[in-house]
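Taking it in order: structure first as structure tokens, then the write-up.
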Amino acid sequence: VDSSQVDGLLVPGGWAPDKLRRYPQVLQLVKDMDAAAKPIGQICHAGWVLISAKILSGRKVTSTPGIRDDMENAGAVWIDEPVVVDGNLISSRRPPDLPPYAKAFVDAFKG
């Protein structure tokens, strides 16, 4: 995937992020999207991909509480809210947060 050809990136949750973060091409895509300030959505365990891409230092995010320590150890400011928006990063904790998360992600494309 060429980051110049897409408008945003939605990183899935669950256990897929543990596999995705093992691919240098995925990490480069995340870095490129972040450098271009394009929307990057993350939910649940998706934060692992952003951690491995090393783009979380000083950023406000949320995630499933199970990876809070990982997020904070990567330099993120972890907030226990259904949705946290920090610039182009839109993060959410878990599936029950999908309605406000989906709205925030779509809103990111309006701006």
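The values are calculated or read from the model by the stated rules, or taken from the named source; none is laboratory data. None of the values given here were measured: they were computed from a predicted structure. Note: ideal-geometry Cβ built from the backbone for every residue, glycine included; neighbour counts use all protein chains shown. Note: accessible area is taken over every heavy atom of the protein model, side chains too, but ligands, DNA and RNA are not part of it. Shrake-Rupley method; radii C 1.70, N 1.55, O 1.52, S 1.80 Å.
Please tell me if residue 91 is in a strand (DSSP E or B) and either free of Cβ contacts under 8 Å to residues at least 60 places away in the same chain or crowded, with 20+ Cβ neighbours inside 10 Å (or both).
Criteria met by residue 91.
From the list 39, 17, which one is out of contact with any Leu (no Cβ under 8 Å at 6 or more places or on another chain), touching a residue at least 24 places away in the same chain (Cβ under 8 Å) and within 19 Å of residue 1 (Cα to Cα)?
17
Looking at 1, 84, 49, which is the one that is part of a loop (DSSP other than H, G, I, E, B) and either free of Cβ contacts under 8 Å to residues at least 60 places away in the same chain or surrounded by fewer than 22 Cβ atoms within 10 Å (Cβ to Cβ) (or both)? Full working, then the answer.
Details: 84 fails: part of a loop (DSSP other than H, G, I, E, B); 49 fails: part of a loop (DSSP other than H, G, I, E, B).
The match here is 1.
For the range 29-40, check the following and say yes or no: at least one residue is small (Gly, Ala, Ser), under 18 Å from residue 84 (Cβ atoms) and touching a helix residue (DSSP H, G or I) at 6+ places or on another chain (Cβ under 8 Å).
no
Is one or more of the residues making up the range 44-64 modelled with pLDDT under 95, in contact with a helix residue (DSSP H, G or I) (Cβ under 9 Å, 6 or more places away or on another chain) and not aromatic (Phe, Trp, Tyr)?
no
Among residues belonging to the range 4-33 that are under 10 Å from the mean Cα position of the chain (by Cα) and not aliphatic (A, V, I, L, M), point out the one that is most open to solvent (accessible area, probe 1.4 Å). Walk me through it before giving the result.
Our first condition is that a residue be under 10 Å from the mean Cα position of the chain (by Cα); within the range 4-33, this holds for 9-13, 30.
Add one more test, that the residue is not aliphatic (A, V, I, L, M), and what stays is 12-13.
Numbers: 12: 62, 13: 21 Å².
Filtering first and then ranking leaves 12.
Tally time: how many residues in the range 53-81 are surrounded by fewer than 21 Cβ atoms within 10 Å (Cβ to Cβ) and part of a helix (DSSP H, G or I)?
Here the count works out to 8.
Considering only the range 51-67, state which residues are touching a strand residue (DSSP E or B) at 6+ places or on another chain (Cβ under 7 Å) and among the basic types (Lys, Arg).
59, 60
Right, residue 109: farther than 17 Å from residue 1 by Cβ, assigned to a helix (DSSP H, G or I) and at pLDDT below 95 or not?
When the stated conditions are applied, residue 109 passes them.
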